[in-house]
Amino acid sequence: MADKTGYSFRYGDNIIERATELPSFAEASAEDLRVLLALLKCGCDADRATLCAVAACDEDELSLSLQFWRGAGLLSLTRSKKAEKTEEAPKKEEAKPKRALRSEDKLYEANSAELADKINKGNLQALIDACQQTVGKILNTSEINIIVGMHDQLSLEGEYILMLVSYCYGNNKCSMKYVEKVAFSLCDKGILTAKALEVYLEERKKFASFEWQIKKMFGIGDRDFTKKQEEYVLKWELEYKYGIEIVGLAYDITVDNINKVDFRYIDKILSGWHDKGLNTEREVQEYEEKEKASRKEENEKRNADTAQKSREGGKQSKSSVGYNSFDVDDFFSKAVERSYKKKQ
């Protein structure tokens, strides 16, 4: 059982016709189409090794294609009573990163009858009611479809969905379409459980404070970071674990050196400190003081060498003048002698 796909076709017949009618069908790759044909030939209950052989793909490629067709709405996760009680393989399968649809991160939208059936089978009415209470309004059919789709197609638990809705609406992103987009992004990052989401949102909360301080220091105001700028800021905060004080030191050095704010220049300074194992503001300050003293000593030595060369050049110049004077005198004496002979 552990080698099975864990999926089944959402429709009982006319699978090819159903597939070609899907909005995302045009985004299916040749590999996705081979996997679909392998499923039709061998059945969804075939073991993964057989499907890989028929579709001419490896295990990871098979998983990605299965997730594509699931996200497109053609496949659904098989949940037998026995598997719900004892089988651990589906949990491991869900832990793998999901691939969003390539054209647009969009869940399959069920019709009214399908939607009602999903709500009843999944006991999702309580979750929908909780989401409506969180957003402060009655959700329409399309919005309810997104909640059901996140639970049914992305296999996100109710606690996860409610937490995500609360977070998005609490940050003035008051749209279930936005929640849907964020859900796909989180699945791509491998954030698949309520606990993992809680940790991620806590990190985002800390980053939001750090981000605000960076914008204030850099004079950006309320404008959003560019994608590259946000990558830099995320690296400084989450990877390097640098606080605003250390970033402030790099900011001061940058402005002193090039007289403007440059994210790439600041990142180069911070990356250099990180590579040297400098983790605190005090360590950075001590390092920079030593570097400053070293540069001062090098400059003094360089200036002394320049002065010495200048003095040596002066002596050589005087010697050259003396030699030239001797040549001029000799030339003048010979000229006078020639003039005297002509007079005779």
Seminar exercise, completed: Gyration tensor on Cα atoms of region 108-162, a ≥ b ≥ c root eigenvalues, a/c under 1.5 rounded, else prolate if a/b beats b/c, else oblate, says oblate
Exercise. What is the set of long-range amide H partners of Tyr7 at a cut-off below 5 Å, with H atoms built 1.01 Å from backbone N?
Worked result: Thr78
For this session: Take the alpha carbon gyration tensor of region 246-306, find the square roots of its eigenvalues, order them as a ≥ b ≥ c, and report rounded if a/c is under 1.5; if not, report prolate when a/b exceeds b/c, else oblate.
Result: oblate
Exercise. Too long at a 20 Å Cα-Cα cut-off: which of Lys121/Lys173; Lys177/Lys205; Lys173/Lys206; Lys106/Lys228?
Worked result: Lys121/Lys173; Lys177/Lys205; Lys106/Lys228
For this session: Please list 222-229, 51-58 highest first by mean number of surrounding beta-carbon atoms within 10 Å per residue.
Result: 51-58, 222-229
For this session: Enumerate the amide H contacts of Leu75 below 5 Å, restricted to partners 5 or more residues apart or on another chain; note that Pro and chain-start residues carry no placed amide H.
Result: Arg10, Arg70
Seminar exercise, completed: Expected vector for region 197-202, Karplus 3J(HN,Hα) from phi with 6.51, -1.76, 1.60 and θ = phi - 60°, integer Hz, x for Gly and Pro, equals 5, 4, 5, 4, 5, 5
Problem set entry | Set Lys41/Lys118; Lys181/Lys268; Lys276/Lys296; Lys227/Lys276; Lys137/Lys189 screened for pairs whose C-alpha atoms are more than 25 Å apart | Lys41/Lys118; Lys181/Lys268; Lys227/Lys276; Lys137/Lys189
Exercise. What is the pair-distance distribution P(r) of region 184-275, computed from all Cα-Cα distances in 5 Å bins starting at 0, with each bin given as a whole percent?
Worked result: 3, 12, 22, 23, 17, 10, 7, 3, 1, 0
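Taken together, the values in this text are just the output of simple stated rules run on the coordinates, not laboratory data. Please read all numbers here as calculations on a predicted model, not as lab measurements. Don't worry about glycine lacking a Cβ; one is built from the backbone with ideal geometry, like all the others, and counts go over all protein chains shown.
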